[in-house]
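The values are calculated or read from the model by the stated rules, or taken from the named source; none is laboratory data. The model shown is predicted, which means the values in this text are computed figures rather than measured ones. We place every Cβ from the backbone using ideal geometry, glycine too, and count neighbours over all the protein chains shown. Accessible surface areas use protein heavy atoms only, side chains included; no ligands, DNA or RNA. Shrake-Rupley method; radii C 1.70, N 1.55, O 1.52, S 1.80 Å.
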Amino acid sequence: MKIKKILVSQPKPTTEKSPYFDLAEEFGLKLEFKSFIKVEGVTAKEFRQERINILDFTGIVFTSRTAIDHFFRICTEMRVTVPDTMKYFCISEAIAFYLQKYIVYRKRKIFYGDKKVEDMTKILLKHKTENFLVPVSDVHKENIPALMDELHLMYTKSIFYKTVSSDVAAEIPDLKEFDILAFYTPAGIKSLFYNYPNFEQGTTIIAAFGEATAEAVEEAGLRLDIKAPTEKAPSMTMALEQFIRAYNKENKAK
């Protein structure tokens, strides 16, 4: 018995150069990509319940393009005109450039790091008198808020969008056709049971990327068969490759 079919809980890669396709070709695998989660913006009514006045803030901290989209969406829905004096602090240059979709790009009011949270330290300290707003998802990393706490900055976290389960079961009624299920987020594990409340793992192999996802697998009472990243397998595809190679070899011997 060999590994033949894998369900990857992410959208299908947009390029044919994805290592997933190399993996499929090498082992003769059938791959199916299906995102188990999706992002939904909070409504203006939900945002009002947070009792936050956007115009009280002088700086906005963005960690993703999604946060930018939903910040300006809420501003539009609530008829809030963001003043030209507003300053924007982005975790990377790419995210900063994305602001051009909504505002006139002026370097004097847009600041960015080099993808690492630590890079933001000097930038934020240079503007420590600002009152910062941090748009986040209902499920988010605490690295930026933790940094701002450490720097004793004045800031407020606010939920502008949320991660919810996709309706996977409507398209894939039975998971038993897959030998491996590959997950990338704890929310993906939550969605697994949302879509398949009676799911029993049995011989199904479960792969998890990241410590938080691995913990979610085990907390759900499931068996974690493949874990990434590791020193020998820094990516999910490398972890899958090593596992499949060993699995097929072992089962061939039987």
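Screening the candidates K87, K101, K38 for the property of being of a type in the set (K, R) and farther than 27 Å from K126 by Cα yields one hit, K38.
Being exposed (fewer than 13 other Cβ atoms within 10 Å of the Cβ), modelled with pLDDT of 95 or more and within 21 Å of M154 (Cα to Cα) is a description that does not apply to D84.
Restricting R73, R79 to residues that are of a type in the set (D, E, K, R), outside any strand (DSSP E or B) and surrounded by 14 or more Cβ atoms within 10 Å (Cβ to Cβ) narrows the list to R73. Within the stretch 22-42, restricting attention to residues that are of a type in the set (D, E, K, R) and part of a helix (DSSP H, G or I), the residue that is most open to solvent (accessible area, probe 1.4 Å) is E25. Residues in the stretch 167-218 that are without any contact (Cβ under 8 Å) to a residue 12 or more places away in the chain and either charged (D, E, K, R) or touching a Pro at 6+ places or on another chain (Cβ under 8 Å) (or both): D174, E200, E211, E218. Residue pairs whose Cβ atoms lie under 6 Å apart, separated by 6 or more positions or on different chains, with the first residue in the stretch 1-13 and over 11 Å from F183 (Cα atoms) and at pLDDT below 95 and the second open to solvent by less than 10 Å² (accessible area, probe 1.4 Å) and of a type outside the set (G, A, S), are I3/I244. The residues on offer are K17, K45, and the sole one that is under 30 Å from I205 (Cβ atoms), of a type outside the set (G, A, S) and either at pLDDT 95 or above or loosely packed, with under 14 Cβ neighbours inside 10 Å (or both) is K17. For the stretch 87-97, the candidate set comprises residues that are open to solvent by 50 Å² or more (accessible area, probe 1.4 Å) and either charged (D, E, K, R) or at pLDDT 95 or above (or both); within that set, the residue that is nearest to the chain's Cα centre (by Cα) is E93.
Take E46 and tell me if it is closer than 30 Å to L175 by Cα and acidic (D, E). Steps first, please.
On the way: closer than 30 Å to L175 by Cα: no; acidic (D, E): yes.
No.
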